[in-house]
Structures are given as C-alpha cells and as structure tokens.
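Structure record follows, encoded as structure tokens.
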Amino acid sequence: MKKLGTILGMLILVTGLASAGTVTLKLTDFGPHAPEGGPNTSAGVYTYPYYFTITVGANNYTEVPLLCDSYDNEVWQNETWQANEYSISSVVAGTDSGLFGSGNTYKEAAYYFSKIIANPTSANAVDYNWLIWGLFSASAASNSTYQSIYNNFQTNNLLVNPADLTAFNDAGYVLYVPIRDTQSQGGVPQEYLGYSGPGGGSPGPPPPTPEPASLALLASGLVAVAVKFRK
C-alpha cells in the first residue's frame, strides 16, 4: 500500500506538470513578409515561413510565421485544424511529445530554427528547414537537395554538435502538434515549430503554462509524495 500511495502521488505530480494548450491553426499564406525570409521554395516545396492565424480561446494572433517539420504531410492555404501547443522544453523533458522522434531531436530542430531567426535570409530558411526535415523524414533525408545541404554543412563544420545542443536555450520555442484535420482533404496536417521570443517576427502565443487545475494537481502530487516519504 505504501508503494501504491507513492506511485499515485507521482502520477498526480506528472499530470500536474502537463503543459498542453489546445489552439486552432489556420494557414493563411506563404508571404512575402520581411524579414522572415519568405516566401521560399526549394525542390518544389515551400520552406519557412508559413503564416498562420492562431486562435487561443478568445485571442487571435495573426501573421504568425511558423516552420514546418513535416516533410511528408500536406496542408492547403486557408486550411484549419486544431493542435496541442507544447513548449519544446516539455517535449525534451518527455512530459509531452510530437509526431516524430525524441525530445532531443526536437531540441536539435529548435537549434536549427534559431539560426534562421538570428539571420532570416531566404538561403538560411531553405537550408535549415531542409536540415530539420531530414531529422524527422527518411524521404527528406534521401532527397538530393537535403544531401547537398547536409554535405555542405558537414564539410564546413556547421552541423550542431553535442556541446552546442546542451548549451542551447530552448526557451520561447513551441511545438504545434495536430489533433485532427477539420478540412475535407483528410489525413494528418503538418506539425509546426514556433518561436515567441525576441527577434522572431510576428509573435505567436507564448509557450503554455500549467492551468490552475493543473497547478492544483501538482500541489496534490507534491503533498502526497511528501507524506509518503515522511512516513
């Protein structure tokens, strides 16, 4: 029974740490909107930025530039769907998860995204978006455009290394994981990365934080665990 009580407390604690917020995404256009670097096409596909209206409750955030990490999925202009908004830090911690890969892979994607934000040129938008696609898609990684970009970055020692990734601050980076497609095309919409920090173009919603109910669960979990340890 003591073990059961401890496990229950930990479950409540983890539930309290959940950081999801449900939003509505509407793809509005592909630019051009300086200085984010678009619109850009490469090998017949759009790269960063895609522009969205993001609805959170009664609030609408317009012309929000997002980066697509889903090479194999398709969306259409004016398509609308719902998504869970997660902070990248919660994905890295394993509290939340995306459609593809591990938490550290998403942190790597955010690292490459930061390079576009720091220097938002069309060339950077193309190169780093392809590197991100290659993290999550075998078909992207086998594309000759990706291979050329990857080889160039490898030759010039521009690929992220473990030390850089460990030092990278992922605060402000968010992941929009689709819940369902509300359009007639069917299938799964794309997943997107966003950034709400300084220098990121038109800001979107801030990374989600635990709601009051979640905070209450968190407090309950802490109390339950503390009681079990005291006993």
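So how do F168, F113 line up by other beta-carbon neighbours within 10 Å, fewest first?
Ordered from fewest to most neighbouring Cβ atoms within 10 Å, F168, F113 come out as F168, F113.
Please work out the Cα center distance from region 46-84 to region 125-179, rounded to the nearest Å.
20
Given the Cα-Cα distance of L158 and S102 and 0.36 nm per residue of separation, how much length would full extension add, in nm?
18.0 nm
Using label points projected 7 Å from each Cα along Cα→Cβ, tell me how many nm separate A93 and T22, to one decimal.
Placing both labels 7 Å along Cα→Cβ, they lie 2.3 nm apart.
How large is ³J(HN,Hα) for each residue in region 55-63, as worked out from phi by the Karplus curve 6.51 cos²θ - 1.76 cosθ + 1.60 (θ = phi - 60°), to whole Hz, x for Gly and Pro?
Ordered by residue, 3J(HN,Hα) equals 9, 10, x, 8, 9, 10, 10, 10, 6 Hz.
Going by C-beta contacts inside 10 Å, put I88, I179, I54 in order with the fewest on the left.
The most exposed by this proxy come first: I179, I54, I88.
Subtracting the Cα-Cα distance from 0.36 nm times the residue separation, let me have the gained length for A138 to E74 in nm, one decimal.
21.4 nm
Ranked by Cβ crowding within 10 angstrom, fewest neighbours first, how are V174, V64 ordered?
In increasing order of surrounding Cβ atoms, one gets V64, V174.
Every read-out reported here was derived from the displayed coordinates using simple, explicitly stated rules and does not represent laboratory data. Please read these numbers as outputs of a predicted model, since none were measured by experiment. Ideal geometry is used to build each Cβ from the backbone, glycine not excepted, and the neighbour counts take in all protein chains shown.
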